[in-house]
Amino acid sequence: MSESDQEHNSPEPLSPRTAAVRAGLRRNYSSSSVESKSYESEVSSNMAEIPNNNNDEGGGALIVQPRKPLREFSIPKVTDQPSCIVYPQLTVDRFELKSGMIHLLPTYYGNTTEDPYMHIKQFFEICATIKIQNLDDEQIKMRLFPFSLKDKAKSWLYSLPNASIHTWEELSNKFLQKFFPAQKTNKIRKEILGFTQKEGEAFHECWERYKEMISSCPHHNIESWMQMQSFYEGLLDFEKDDGRCNKWRRTDE
């Protein structure tokens, strides 16, 4: 193609005024398209199909709820959190748990170094001294126990399914199952059956340590004769030959 033909077919340059008009039209079209899509997105996210009960033919008439910004769906709100504990029905309209009672309670944080059995023992001791009119012992324990839990232990209680606990037995069993798992039970059983006296440890100190080990795991299920056998086998040789251990024939002496 000759240069003359290319010059003949090329479009004529637009005047400055025409070019400005066309650019303005393109901007208006682009802005209108974006606003339309944004509006449709906001409306669709806030529409709810609500049946119209007044429609005799059941035609499924829809009512569009008023629009609201999308950000409102992400705003945190305070709501009532149902408790995992279902408390027994009261025979009175109201009662009072005084702050002094709560301050007397032992605390359990859920740490691995804590003893959940000891916590319940101490909790029972406090509950035995508390009397509230029209509340029986079951009610008192169930209502006070949550106040004795802190940190990890409190978070555990909050994580339980709603209305999943109805009695003190259920609450205490779940507590022990959580904070005294099978691994811990097996570990203490091995320590009991493999007990050994330390070098330089007096006989009575050794015996007290062994009893504490047994009491730390009441559900060890080790028979008394096996306990005494493991204790005797764990003594130092000179203690076995001394004969003093013949006095300790039962673990409850």
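Where a number appears in this text, it was derived from the coordinates with a stated rule and is not lab data. Keep in mind the model is a prediction, meaning the values are calculated, not measured. Note that each Cβ is placed from the backbone with ideal geometry, even for glycine, and that neighbours are counted across all protein chains shown.
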(request) Among the lysines, select those whose C-alpha is under 30 Å from the C-alpha of residue 68, and discard any that sit fewer than 8 residues away in the same chain. (result) 37, 77
(request) Just add up the charged neighbours of residue 169: K/R +1, D/E -1, any other residue whose Cβ is under 13 Å from the Cβ of residue 169. (result) -1
(request) With unit charges on the beta carbon (Lys/Arg positive, Asp/Glu negative), name the residue among 107, 149, 97 whose Cα is farthest towards the positive pole of the charge dipole of the stretch 94-156. (result) 97
(message) Just to confirm my numbers, what's the Cα centroid distance between the stretch 172-244 and the stretch 120-156 in Å?
(response) 30 Å
(request) First obtain the Kirkwood hydrodynamic radius of the stretch 110-253 from its Cα pairs, then insert it into the Stokes-Einstein equation at 4 °C and 1.567 mPa s, and state the resulting D in µm² per second as a whole number. (result) 73 µm²/s
(request) Among the listed pairs 154/174; 98/141; 121/154; 141/184; 190/211; 98/154, give every one whose C-alpha distance is greater than 23 Å. (result) 141/184
(request) Could you work out how far apart the two model spin labels at residue 190 and residue 117 are, taking each label as a point 7 Å from the Cα in the direction of the beta carbon, and quote it in nm? (result) 1.9 nm
(message) Could you check the spin-label model distance between residue 93 and residue 156? Points 7 Å from the Cα along Cα→Cβ, value in nm.
(response) 3.9 nm
(request) State the percent of C-alpha pairs, over all pairs in the stretch 75-184, separated by a distance greater than 18 angstrom. (result) 53 percent
